Amino acid sequence: MRRPGWAAPGRWSLARQLLALQAAIVALLVAAGATLAYLDARRATDQRAAHTVTALAESIADAPDVRAALSAPSPTRILQPYAERIRRDTGVDFITIMSPDGLRYTHPNPKQIGGTFIGTIGPALAGHVFTETYTGTLGPSVRTVAPVFGDGHRVVGLVAVGITIRAISAELRRRLLVLVAVAAMVLVLGIGGSCLVSARLRRQTRGVAPGQLREMFEYYEAILHAVREGLVLLDRGGRVVLCNDAARELLDLRHLPPDGPRGRHVGDLGLPAELVASLTSPEPRADEIHVGDTRVLVVSTSPVRSRDRAMGNVVTLRDHTELQGLTGELDTVRGFAESLRSQAHEAANRLHTVVSLVELGRPEQAVEFATADLATAQRLTDRVVGSVTEPVLAALLLGKSAEAAERGVELEIAEDTAIDGVVEPRDLVTILGNLIDNAVDAAVENAAVRPPRVRVGVRRDGGRLVLRVADSGPGVDPAAVPEMFRRGWTTKSSGGPVGHGLGLALVGRAVRRHGGTVEVGGGDAGEGAVFTVRLPLDAR
C-alpha cells in the first residue's frame with residue numbers, strides 16, 4: 001500500500017528530483033571530503049608522532065650527561081630519573097636507554113629495567129637513526145632508536161623513544177570530533193541551500209515533473225512548426241527569441257539557417273522600417289496591414305509585462321496576400337455594379353427623354369437621340385472587348401469608364417491597347433484598378449485647371465507588357481516618388497487615414513512579384529502624372 005501523498009521517483013516534480021539529487025551529491029561530497037580529511041589527519045598525526053620521537057631520541061643520544069652515565073658503574077641510578085623527567089615533560093609514552101646489546105637501563109615500568117629491549121636495534125648499532133612501529137611491553141607503538149656515540153665514534157649505548165598507537169589514536173579522535181562537526185555543518189548548509197533552490201525552482205516550474213516538461217516541450221515544438229500563423233517572440237531589447245517556420249516564410253527569412261534569426265535584433269533582418277517599428281512597438285497593435293515585396297501581412301503586436309516590467313513582445317503574422325487580392329477583385333466587382341447602376345439610372349433618364357419626344361410628336365428626334373447615345377456606348381464596348389480578351393479586365397475597364405463618366409472624367413483607352421491574358425488577371429486588376437482610381441481622383445482634384453481626363457494604354461513591347469496610365473491632375477513631386485509605393489503614403493486628406501495609402505503599395509507588391517518596374521513622371525501637354533509599368537511576359 002502506498003502512503004497518501006507518496007509518489008514514485010519517476011513522477012516527482014523537477015524541483016523534488018533536483019533536491020534529492022543535490023542532497024545526494026552534497027552528502028557524497030561531504031563523505032568524501034570527511035574521509036580524505038580523516039586520512040590526512042591520520043597521516044599528519046603519525047608524521048607528527050614520528051617527528052617528535054625522532055627529535056627527542058636524537059637529543060637524548062647527543063646529551064653529554066647520557067654518554068657519561070653510560071660509562072658509570074650504575075647507569076640506571078643516573079639515567080632513570082633523567083629519562084622519566086623528560087618523558088613527563090614531553091608527553092611521550094616511554095624513553096628507554098640501553099646498552100649496545102639491548103639491556104635496559106631505564107623504562108616507565110621499573111620492573112622492566114634490566115630486561116632486554118623488544119624491537120629492532122640492528123640499524124642503530126650500525127650508527128643509523130631509524131623509526132618503526134613495533135609491539136613492545138606497552139603495546140603497539142611508533143618508536144625511534146638512536147645510537148649514542150662515544151670516543152672514536154663507537155656506539156656505547158642506544159636510546160629508544162616511543163609513543164603508543166593508543167595515544168596517537170586518542171589525539172586523532174579529538175581531531176575527528178572537530179572534523180565531524182565541520183562536515184555536519186557543511187552537510188546541513190548544503191541541504192539547506194538545495195532546499196531553497198528547490199523551492200524557487202518549484203515556484204518557477206509549478207511542480208511539473210521532468211516527463212511532463214518534456215511532453216510539453218515536444219507539444220510546444222510541434223505546435224510552433226505546425227501552426228500556419230507566424231509567431232515571433234522578441235525580448236525587451238528587440239532581439240529575436242523565437243521565430244517559427246511560418247514566420248520565417250512570411251518574413252522571407254528562409255535564406256537564414258534554422259537558428260539564424262534567434263539572438264539577432266529584428267532591425268538587422270532586412271525588414272522594412274515600418275514593419276520593424278510595429279514588431280518592436282511598446283504599445284499593442286492589432287491587425288496592421290504591411291505590404292512587402294511579395295506578400296501582404298496582417299501584423300498584431302502584444303507587449304508582455306511581468307510585475308510592471310517589460311519583458312518583450314509577442315508578434316503574430318498572418319498572410320493577407322490572397323485575401324487582399326480577392327478584396328481587390330470584390331472592389332472591382334462593386335465598382336462595376338456601381339457603374340451599372342449609374343448606367344441604368346442614366347439610361348432611364350434617356351429613355352424618359354425618348355418617350356417624351358415620341359409623345360411630343362417628334363419621333364425623328366427621338367430616334368436620332370437614342371441611336372447617337374447607343375453608338376457612343378457601343379464604340380467604347382467594342383474597343384474594350386476587341387482589345388481585351390480577358391473578361392475580368394474587360395469588365396474592369398468598362399466599369400472604370402462608367403464610373404469616371406459619372407464623376408465627370410473622360411476615360412480614354414489608347415488605340416493600341418491589347419491584353420490577351422499573358423499576365424495573371426488578378427495582378428492586372430490590382431495594378432490597373434488602383435492606378436486608374438488614383439488617376440481619376442487626381443483628375444477630379446485638378447478639374448478647375450484642366451479638363452478632367454484619364455488615358456489608359458496597354459501594349460506589348462518586345463518581351464514586356466507595358467501599362468501606361470496618365471491623368472490631367474497636378475502631377476507628382478519627384479522627391480516623393482521613392483516613398484509612393486510604401487504603405488501609408490497618400491496625398492488624400494479627407495476621410496482620415498483609413499483606406500488610404502494602400503493602393504500604390506499593392507501595385508508595387510504586384511509589380512515586384514512579377515519582376516517588373518514602375519516609372520513615375522510627367523506627361524505631355526495636358527497630362528499630369530504618368531505611371532508606366534513594365535512586366536516581363538514570361539514571368540508568372
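Structure notes:
- Extension gain, I25-A63: 0.36 nm per intervening residue step, less the Cα-Cα distance, totals 8.0 nm.
- Mean separation of Cα contacts under 8 Å, 6 or more apart, over the residue count of the range 18-171: relative contact order %: 25 percent
- Remark on S472: its backbone amide H falls under 5 Å from those of A443, R453, G528, a criterion applied only to residues 5 or more positions apart or on other chains, H modelled at 1.01 Å from N.
- With neighbours defined as other Cβ atoms within 10 Å of a residue's Cβ, the residues M185, M311, M484 order from fewest to most as M185, M311, M484.
- Rounded if a/c under 1.5, otherwise prolate or oblate - the range 38-188, Cα gyration tensor axes: prolate
- A cut-off of 5 Å between modelled amide H atoms, ignoring neighbours fewer than 5 places along the same chain, links G115 with R104.
- The 3J(HN,Hα) values that the Karplus relation (6.51, -1.76, 1.60; θ = phi - 60°) gives for the range 67-82 are, in residue order, 4, 5, 5, 5, 9, 6, x, 10, x, 4, 4, 8, 7, 4, x, 4 Hz. Gly and Pro appear as x.
- Couplings 3J(HN,Hα) for the range 243-251, derived from phi with the Karplus relation 6.51 cos²θ - 1.76 cosθ + 1.60 (θ = phi - 60°), are 8, 7, 4, 5, 5, 4, 5, 5, 8 Hz, where x marks Gly and Pro.
- For A404, net neighbour charge (Lys/Arg +1, Asp/Glu -1) across residues whose Cβ lies under 10 Å away: -2
- Scaling the Cα radius of gyration of the range 227-319 by the globular reference 2.2 N^0.38 Å produces a ratio of 0.99.
- Annotation: amide H of L465 within the under-5 Å range of L535, L537, sequence separation 5 or more or interchain, hydrogens built in the peptide plane.
- Per-residue HN-Hα couplings for the range 227-234 [Karplus 6.51, -1.76, 1.60; θ = phi - 60°; Hz; x = Gly/Pro]: 5, 7, 7, x, 10, 10, 10, 10
Computed from the coordinates by the stated procedures, all read-outs in this text should not be read as laboratory data. Just so you know, these numbers come straight off a predicted model, no measurement behind them. Using ideal geometry, Cβ is built from the backbone for each residue, glycine included, and neighbour counts are taken over all protein chains shown.
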